[in-house]
1. Just to be sure I understand the model, the point goes 7 Å from the Cα along the line to the Cβ. What's the resulting V148 to V134 distance in nm?
2. How far is it, in nm, from the label point at Q45 to the one at S21 when both lie 7 Å from their Cα along the line to the Cβ?
3. Return the FRET efficiency for the residue pair A35, V104: r is the Cβ-Cβ distance, R0 is 25 Å, and the value is rounded to the nearest 0.05.
4. Can you compute 3J(HN,Hα) from phi for each residue in the range 130-144, using the Karplus curve 6.51 cos²θ - 1.76 cosθ + 1.60 with θ = phi - 60°, rounded to whole Hz and x for Gly and Pro?
5. I want the local charge near Q43. Using Cβ-Cβ distances under 15 Å, sum +1 for each Lys or Arg and -1 for each Asp or Glu among the other residues.
Amino acid sequence: MNKTLWVVIGVLVLLVLWGFSSYNSLISLNESVDAQWAKVETQYQRRFDLIPNLVNSVKGILTQEQKIFGDIADARTRYSGATTANDKAVAASQVEGALGRLLVIMENYPQLQSSNNVRDLMTQLEGTENRISVERTRFNDMVRDYNVTVKKFPKNMIANMLGFGERAYFEAVTGAETAPTVNLE
């Protein structure tokens, strides 16, 4: 009887240790996802800091394109008002759409291509867009790792008991696969 009691106690201790270990790994994965999203937001902020400089550099030459400047401003406002990662991703995609239309227009104006300020800002913006893409990919990788852990047995039992749910991937908005078209005629 004494031996059986020790075996039961040993199994209970192992289960408790496994529970603590599972909880700690879920916390670590959840925090990693949050930290990676913060990196995505840092790159969005870099983009948002560059856009007004680019718009102001181009605005004087492209006075007839005021709608695009308004669209960019509206999209930036929607982003700053977004509270969840999903809402921010949708708003960021709207910024990308308006920015894409601006870039198409800029390609059609040779006087803009010759401006050093515009060219430098465009180079910085291109670099930022690449950084955003890299950070989004890393974010989705982290979300995948977290979601797999939350769904796999037996950690899914601990995750469900402690309120660790599945996290959403960053996904492009509908229509993002279509390049913007601008008709200047």
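Where a number appears in this text, it was derived from the coordinates with a stated rule and is not lab data. Computed from a predicted model, the values in this text were never measured in an experiment. Cβ coordinates were reconstructed from backbone atoms using ideal geometry, including for glycine residues, and neighbour counts include every protein chain displayed.
1. For V148 paired with V134, the spin-label model returns 2.3 nm.
2. 3.8 nm
3. That gives a FRET efficiency of 0.10.
4. 5, 4, 4, 4, 5, 5, 5, 4, 4, 4, 4, 5, 5, 4, 4
5. +2
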